[in-house]
Amino acid sequence: MSHERQFHPEFLFGAATAAFQIEGANRTDGRTDSIWDAFCRLPGAVIDGHDGSTACDHYNRYHSDVDLMADLGLQTYRFSTSWSRIQPDGGRVNEAGLDFYERVVDKLLERGIMPWLTLYHWDLPQVLEERGGWCARDTAYLFRDYAMNVHARLGDRVPVWTTLNEPWCSAFLGYTAGAHAPGRQDPRAGLTAAHHLLLGHGLAVQALREADPALTLGLTLNLTLAEPADPQRPGDVDAARRIDGQMNRIFLDPIFRGAYPDDVLADVDGLGLVDAIHPGDLDIIAAPIDALGVNYYHGQAVSDLPPTAPIHGEAPTDRPTGSPFPAADGVHTHSQGLPTTAMGWEIQPDGLAELLVRIHRDYTDPAGIEVYVTENGAAFDDELSADGAVHDDDRVSFLRAHLNAILDATERGVPVRGYFYWSLMDNFEWAWGYHKRFGIVHVDYDTQQRTVKDSGLEYGRIATSRTLSIEPAARTAAAV
Ligand code: FCB
C-alpha cells in the first residue's frame, strides 16, 4: 500500500528560470550587453561558443510559455528581470524593457500564477562592469536604484521580490574562479564583490520596504551541506568548516546576524574583505527579510587529502579557471559513492532535509521567517522518443525524492512553504551552453518546439493533488 504525504496548505508549487538563460532577443527594444553577452564572446568561455542571443526565444514566446505553466498546474513562477534591458546604459530607464516584464506579469496573473520576481540573476549591464562591476561600491547603490525602477512599474502586481540569486556564484565564480562572467580570477575581487552584492541587497530591501511594507522581500542563496569525508580526521573537519564558511555562512551571518563569521574573516585575512566594509554597512545588510530562498543541488564530502576531484566551480571548457574559494587551497571533494546527474553532481536528497533543518535552527527560526526552496533540479541526457515524449525517469525520481525530503524537513519543524523546480524548460546553462538540459519541458532549439517531459507531467500531478504518494519501501531509501 502506498503512503500519501500531504503538503502544507500554503505550500506553493512553482518553477524557476532566469532572464539570460531563456529570453534571447538580446538586441531587441533597446537592450544592450550584459556581462554574460560579453563573456560568451571570450574564446573558450562557453562550450562551443554558445550564447544567449536566441536561447528559448521566450521574449517572443512568453505568452504560450505561461499557458504551458498554467496547463501544468503551477501556482507560482520565479523569473528574473534583465538589468540591461531595463537600464541599457546603466542609468536611463528603457520603458520598452519594462513593458516586456509588464506583459509577462499580466499574463501570469491572467492565468492565476503568482509572479515571484528576482532582480538580479547574474546579468550585470556590461557598461557597469566597465566601471568596475561589483568591485565598485557604487554598483550597490545603482542596484538599489534599479530595484526601485522595476518596483515603480510592477510593485502593484508582484507580491514577492528577491534581490539576488546566488551571490556566491556572482562573486566567486565570476570574480575569483573566472568560470562565469565577468571571468576575472582574483580572490580579492571576489570578496570585494561579495560584500558589495550584500550591500546592494540590503539597500534594495530597505528601499523596497519603505516604498511598500506589504511586499515579501528576500534573497536566494545557493547553500551546500559540507561534510567531512572522514568525521574522525581533524583535517577533514576543518575542510568542511572552511567550505561551510566560504559558501554558506559568509552570506547567512551578515544577513541574519549583522556580522561576518570570525573564522571566515581569519581564513580570508589580507584578501580585502575588511577593507571593503564601511561603517554601517552590516546594519544595512542585516535589514530584516521575510523569506529566505534556498537553492540546493547537492552536498559535498570534503577533505584535505587529495581527491577524487579538486573543488572547482563550473569549469567545463578548455579555458583555465581557478578555485572559487578564496581561501580553501588544499581542500578537495570526495565521492560519496552516490549516483550522479549529467553535471556530475551527486544525487543526495536527504542532504536537502538536513540543510533545511540546519538553516532553520541557526538562522530562519530565530528570525521568525519562512523558507522556500527556490531552485532544485537535475540535468540528464534526455532524448525525444519516437512516441514524441521524453521519458525522463531519472528526473521523475529526482523530483519525487527531493519533494519527499522537503516533507521530511517539514515534519521536523521547518516551515518550508514552496518549491521551484529548476527549470521550467531546458535553457542556456551558463558555461555549459545548451549542452545541459534541466527542464521539465524539453526545448528543441532548432524549432523552439516545447515538449512536456514525463517529469513535467508528474510534477503537474503532484502540484494539482498536493500529495506525494510514496511506496513504503521507497520511503527509507528517500524515494529514489
Ligand atoms: C544555479 C543557477 C541557475 C542554474 C542552476 C542549474 O546555480 O541559479 O541559473 O544554472 O544552477
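The values are calculated or read from the model by the stated rules, or taken from the named source; none is laboratory data. In this text the structure is predicted, and so the values were computed from the model without any measurement. Heads up, the Cβs are rebuilt from the backbone with ideal geometry, glycines too, and the neighbour counts pull from every protein chain shown.
Numbers below:
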| item | result |
| --- | --- |
| Residue in the range 1-31 that is modelled with the highest pLDDT, counting only those that are away from the ligand (no atom under 16 Å from the Cβ) and among the hydroxyl-bearing types (Ser, Thr, Tyr) | Thr28 |
| Test: Ala229 is among the hydrophobic types (A, V, I, L, M, F, W, C) and touching a residue at least 40 places away in the same chain (Cβ under 8 Å) | yes |
| Residue satisfying all of: in the range 1-33; among the small types (Gly, Ala, Ser) and over 20 Å from Arg92 (Cβ atoms); surrounded by the fewest Cβ atoms within 10 Å (Cβ to Cβ) among these | Ser2 |
| Filtered residues of the range 426-449 (kept if within 12 Å of the ligand (Cβ to nearest atom) and over 14 Å from Gly24 (Cα atoms)) | Ala431, Trp432, Lys436, Arg437, Phe438, Gly439 |
| Test: Asp230 is among the acidic types (Asp, Glu), away from the ligand (no atom under 16 Å from the Cβ) and surrounded by fewer than 16 Cβ atoms within 10 Å (Cβ to Cβ) | yes |
| Qualifying position, being away from the ligand (no atom under 16 Å from the Cβ), more than 20 Å from the chain's Cα centre (by Cα) and either surrounded by fewer than 18 Cβ atoms within 10 Å (Cβ to Cβ) or touching a residue at least 24 places away in the same chain (Cβ under 8 Å) (or both), among Arg466, Arg417 | Arg466 |
| Selected residue (criterion: surrounded by the most Cβ atoms within 10 Å (Cβ to Cβ)) from residues of the range 34-63 that are touching a residue at least 40 places away in the same chain (Cβ under 8 Å) and of a type in the set (Ser, Thr, Tyr) | Ser34 |
| Given (1) part of a helix (DSSP H, G or I); (2) surrounded by fewer than 21 Cβ atoms within 10 Å (Cβ to Cβ), index of the condition Leu403 fails | (2) |
| Which listed residue, of Asp392, Asp387, is among the acidic types (Asp, Glu) and surrounded by 15 or more Cβ atoms within 10 Å (Cβ to Cβ) | Asp392 |
| Test: residue in the range 243-252 that is away from the ligand (no atom under 16 Å from the Cβ), out of contact with any Gly (no Cβ under 6 Å at 6 or more places or on another chain) and part of a strand (DSSP E or B) | no |
| Which numbered condition Ile284 misses (of (1) over 22 Å from the mean Cα position of the chain (by Cα); (2) in a loop (DSSP other than H, G, I, E, B); (3) of a type in the set (A, V, I, L, M)) | (2) |
| Single residue of Leu68, Leu98, Leu74 found to be in contact (Cβ under 8 Å) with a residue 40 or more places away in the chain, surrounded by 23 or more Cβ atoms within 10 Å (Cβ to Cβ) and either within 16 Å of the ligand (Cβ to nearest atom) or not β-branched (Val, Ile, Thr) (or both) | Leu74 |
| Identity of the residue in the range 140-165, out of contact with any helix residue (DSSP H, G or I) (no Cβ under 9 Å at 6 or more places or on another chain) and in contact (Cβ under 8 Å) with a residue 60 or more places away in the chain, that ends up farthest from the ligand (Cβ to nearest atom) | Val160 |
| Residue selected from the range 266-311 under the condition crowded, with 17+ Cβ neighbours inside 10 Å and either of a type in the set (Ser, Thr, Tyr) or without any contact (Cβ under 8 Å) to a residue 12 or more places away in the chain (or both), by the criterion nearest to the ligand (Cβ to nearest atom) | Tyr297 |
